[in-house]
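What follows is a single structure, written as structure tokens, with notes after it.
The values are calculated or read from the model by the stated rules, or taken from the named source; none is laboratory data. Predicted model only: the values in this text are computed from it and were never measured. So basically every Cβ, Gly included, is an ideal-geometry build from the backbone, and we count neighbours across all protein chains shown.
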Amino acid sequence: MSATIHASAVLVGPEAVLIRGPAGAGKSRLAWDLIEAARQGALPFARLVGDDRVHIETHSGRLLVRPAAVLAGLLEIRGLGICRLPYEPLAVVGLVVDLAAADAARLPEPEALKTELAGLGLPRLPVGAGHSALPMVLAYLNTLSARD
């Protein structure tokens, strides 16, 4: 299955964070924040995969994401406009972040922390409207080894 979706994606370490949400929810902002967090040492590595529109497809039981060709390497930074950045042409999705999620909660139910996309089950982080996503994503990514 292959589809184009309205989302952004950033490769963080070995897997991508797929960022979904309505227009204006902060998808591009979170993508930039993750890239900056890596530059500042809060993450080991982060590079843009795609912003605004990405292609997803399943392959060997994994969800792959790649940038839309016309937008490859482009990221909108509010107040600066469209900026060109290095990008990854393909990544495996390891986490889905849903911004402005109606089911975001202080102590989410276990089923809220999972989603299905293209027939595959994936970890999900729901972030409520008006809440800063970066601290939640960093906490999730930096505590992954503690949960395994």
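Tabulated data
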| item | result |
| --- | --- |
| Failed item in (1) within 16 Å of LEU18 (Cβ to Cβ); (2) surrounded by 17 or more Cβ atoms within 10 Å (Cβ to Cβ), with LEU120 passing the rest | (2) |
| Those residues of region 77-112 which are within 24 Å of LEU11 (Cα to Cα) and of a type in the set (Asp, Glu), in sequence order | GLU88, ASP98 |
| Count of region 47-67 residues which are more than 11 Å from the chain's Cα centre (by Cα) and of a type in the set (Gly, Ala, Ser) | 2 |
| Checklist (1) over 14 Å from the mean Cα position of the chain (by Cα); (2) at pLDDT below 95; (3) crowded, with 16+ Cβ neighbours inside 10 Å applied to ALA72, failing item | (2) |
| Close pairs (8 angstrom Cβ cut-off, 6 or more residues apart or separate chains): loosely packed, with under 14 Cβ neighbours inside 10 Å in region 80-98, not in a strand (DSSP E or B) anywhere | ARG84/GLY73; PRO86/GLY73; PRO89/ALA72 |
| Residue that is nearest to HIS6 (Cα to Cα), among those in region 105-148 that are of a type in the set (S, T, N, Q) and modelled with pLDDT of 90 or more | THR115 |
